[in-house]
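Every number in this text was worked out from the coordinates using simple rules, so none of it is lab data. Since this is a predicted model, take the numbers as computed values, not measurements. Here Cβ is always computed from backbone atoms with ideal geometry, including for glycine, and neighbour counts include all displayed protein chains.
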Amino acid sequence: MEFKHVSILLTECLDNLHIRPDGIYVDATLGGAGHSRHIAERLTEGGRLISIDRDDMALENARIRLADVMDRVTLVKSDFRNLDQAIASCDVEQVDGILFDLGVSSPQLDIAERGFSYMQDARLDMRMDQQQTLSAYEIVNTWDRAELRRILLEYGEERYAPQIAAAIERERQKKPIETTMQLADLIRGAMPPAARREKQHPAKRSFQAIRIAVNDELMAVQEAMDRAIDVLAPGGRLAVITFHSLEDRIVKTAFRKAAQGCTCPKDFPVCVCGKKAKIKLTTRKPLLPSMEEIAQNPRARSAKLRVCEKLSEK
């Protein structure tokens, strides 16, 4: 199946990255290569794009989709939390812009065999990197009830986490929970009737939580933000698209911390902490998709774009 993906907030990303034709840029979340394609098209022969993903399917698709601009593109298989190492492997020390699109790629959701979707039946998987050992199957069938409850509460903000975790524990004592539909039905059955009638699918929050745990997504975002800021050249820009409050909170906090200078008490006559701001925020509030974009692509509905710019070290 062709790895298709609709790029979200595309114009806003391209405009805010301030792409120079001869600059060096990083797409830290290659996915369907939509953003990469448009960045590469704005580069001349002297420019370079480093595109990173840990999904072999995404990398293979990119070799096809970006074939006519591959003279400007370097593909790297890596977890984006290690983007500093990925960039260094390309003999690059600093870059002029970095883009993160933290949403799950459409093919990962749409291709049933990947085991991400509660709408299609498949073996529980949810691994972005098919080479890693931990999958949704192991989490659902081997993690203890308290840990399941914790991730459902923290990562999914699921108010019925205790009931769902208890139902999972009871079911797996009878037989393994092997498929996405088996899990989705179990989650639905653990909820009260009123919750099952809500507009949102009953399993949505729980599947999000398990996916985040499988791929260690929140810790990866936290680590990636600091490393991304450090590898930016002065004047370089970091643009991050988030899709839920947990990710956005991490990005917002990381930006605010990096934008903060001296932390000495206001009544100190001179600075003794020596801290200097690394970045400046380009907008006070995140950029949101237009109503037109949401109408064309409902998956853009929860997207937020935050952008910062690296300051000179002087």
From the P(r) of the chain, could you give the percentage of C-alpha pairs in the tail past 30 Å? 38 percent
Please give the calculated 222 nm ellipticity per residue for the chain, where each DSSP H segment of at least 4 residues contributes -39500 (n - 2.57) and the sum is spread over every residue; nearest 500 deg cm²/dmol? -12000 deg cm²/dmol
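Rounded, prolate or oblate: which fits the range 1-124 when a ≥ b ≥ c are the square roots of the eigenvalues of the alpha-carbon gyration tensor, with rounded for a/c under 1.5 and prolate only if a/b beats b/c?
Here the range 1-124 falls in the prolate category.
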Tilt relative to the chain, helix 245-259 - C-alpha long axis, 0 to 90 degrees, to 10: 20 degrees
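Using Stokes-Einstein with the Kirkwood hydrodynamic radius over Cα pairs, what translational diffusion coefficient do you get for the range 54-192 at 10 °C and a viscosity of 1.306 mPa s, in µm²/s rounded to a whole number? Working shown, then result.
On the way: Rh = 17.5 Å.
Reported coefficient: 91 µm²/s.
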Loop only per DSSP, at most 14 neighbouring Cβ atoms within 10 Å: give me the trypsin sites (Lys or Arg not before Pro) in the range 89-160, ordered by residue number. Arg159
Angle check, please: helix 180-190 long axis (alpha carbons) against the longest principal axis of the chain (alpha carbons), in degrees 0 to 90, nearest 10. 70 degrees
Straight-line reach only, C-alpha to C-alpha below 26 angstrom: list the lysines that Lys204 could link to, leaving out same-chain residues fewer than 8 apart. Lys4, Lys174, Lys175, Lys252, Lys304
Just the number: Rg to Rh for the range 163-314, Cα atoms, Kirkwood Rh, two decimals. 1.13
So for the range 16-73, considering every pair of alpha-carbon atoms, how many percent are separated by more than 12 Å? 60 percent
Would you work out which of Ala166, Leu14, Ala233 lies farthest towards the positive end of the dipole of the chain, given +1 charges on the beta-carbon of Lys and Arg and -1 on that of Asp and Glu, about the Cα centre? Ala166
Grab the Cα-Cα distance for Arg249 and Asp68, subtract it from 0.36 nm times how many residues apart they are, and report the gain in nm with one decimal. 61.4 nm
Return the loop-located trypsin sites (Lys or Arg not before Pro) in the range 188-257 (DSSP other than H, G, I, E, B) with at most 14 other Cβ atoms within 10 Å of their own Cβ; answer none if there are none. Arg197, Lys199
Local electrostatic count, Val92, Cβ distance below 11 Å [Lys/Arg +1, Asp/Glu -1]: -3
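Write down, largest first, the equivalent ellipsoid semi-axes of the range 103-152 in whole Å, where each equals the square root of 5 times an eigenvalue of the alpha-carbon gyration tensor. Present the calculation step by step, with values, prior to reporting the outcome.
On the way: eigenvalues 85, 29, 22 Å².
So the three semi-axes of the range 103-152 are 21, 12, 10 Å.
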What angle, in degrees between 0 and 90 and rounded to the nearest 10, separates the Cα long axis of helix 145-154 from the longest principal axis of the Cα atoms of the chain? 50 degrees
Cα extents of the range 152-231 per principal axis, largest first, Å, are 49, 29, 20
Please state the shape class of the range 132-193: rounded when a/c is under 1.5, otherwise prolate if a/b exceeds b/c and oblate if not, all from the C-alpha gyration tensor. oblate
